[in-house]
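For reference, the structure discussed in these notes is given below.
The values are calculated or read from the model by the stated rules, or taken from the named source; none is laboratory data. Quick caveat, the model's predicted, so the values are computed rather than measured. Note that we place each Cβ from the backbone using ideal geometry, even for glycine, and neighbour counts take in every protein chain shown.
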Amino acid sequence: MSQVDWQAYLDGSLSPEDRAAADRLLDTSPDAQEQLAGLRVFIASVREAGRSEEVPLARLEALVPTIRPPWWRRGAWLTASAVAAILVLAIYLRPSAPNATLSDRLVTNDPVVAAQWVQSSMPFRVPTIDLGPSMPLKLIHHTDKSCCFDYLVHGKIYHVNVYEKGERRGSGREIKLKCGTTAYVGHGVHWEQNDLAFYVIGPDESTSVEVATLASSQLNRA
């Protein structure tokens, strides 16, 4: 399939054949992984906004044509109807608990809670990755083989993906992080540590390296 409707992927409405093709694409394409992660963050952010304030539906409908998801540069756009559906859900489906969960993702600022929540779904021991108060955790989500911690860094979302060692191989130019860990910079920052593989994706390469350094340093102390 040349293009994937990631909204349909998340809500389970893809055909079995299209979903299998999308899963294969996720296994090999960092761009696809970034698009899916971006959509998850967007949905979670809208739900978070919906819990915090009442917004007239007419105002939301007026805003729908102007909304561009953060991954629009990759060519992935949400239709106006899809955005409208998400916004309506944000208003009418407010979770009562402080941690909002929808099966494969959890909105939480607590890295310990995030690691404990995702552990039962992972085939490996999930580390607790706390980047500090200036880089708060916003969301954790997962597939069958990996989990992803999303952090707000300098006003932008950076994704720290965690896999079993061997699931993702480092590619790109080799660098040494300030903590001494060998990493690879290409489409993101890759490294292996403690029998796991890590992959940081974000809009800025130098900040991605900074996030990787902080995460690796914490893992060294664990």
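Applying the condition of being part of a helix (DSSP H, G or I) and surrounded by fewer than 15 Cβ atoms within 10 Å (Cβ to Cβ) to segment 4-18 and asking which residue is nearest to the chain's Cα centre (by Cα) yields 11. For segment 116-132, filtered to residues that are free of Cβ contacts under 8 Å to residues at least 24 places away in the same chain and out of contact with any Leu (no Cβ under 9 Å at 6 or more places or on another chain), the residue that is surrounded by the fewest Cβ atoms within 10 Å (Cβ to Cβ) is 120. Of all residues in segment 188-222, those satisfying the criterion of being of a type outside the set (D, E, K, R), in a strand (DSSP E or B), at negative phi and out of contact with any Leu (no Cβ under 9 Å at 6 or more places or on another chain) are 190, 197, 199, 200, 201. For residue 202, are the conditions met, namely being surrounded by fewer than 19 Cβ atoms within 10 Å (Cβ to Cβ) and not hydroxyl-bearing (Ser, Thr, Tyr)? No. When segment 116-128 is filtered for residues that are out of contact with any strand residue (DSSP E or B) (no Cβ under 8 Å at 6 or more places or on another chain) and part of a helix (DSSP H, G or I), the ones remaining, listed by number, are 116, 119. Criterion first (under 13 Å from the mean Cα position of the chain (by Cα) and within 23 Å of residue 29 (Cα to Cα)) does residue 160 satisfy it? The answer is yes for residue 160. Being charged (D, E, K, R), more than 20 Å from residue 37 (Cα to Cα) and not assigned by TED's automatic domain parsing to the domain that holds residue 30 holds for only one residue in 156, 145, 138, 165, and it is 165. Per this entry, residue 180 is counted among residues that are assigned to a loop (DSSP other than H, G, I, E, B), more than 24 Å from residue 35 (Cα to Cα) and either at pLDDT below 90 or not basic (Lys, Arg) (or both).
Taking segment 131-145 as the range and being at pLDDT 90 or above and more than 11 Å from the chain's Cα centre (by Cα) as the test, the residues that pass are 131, 132, 133, 134, 135, 136.
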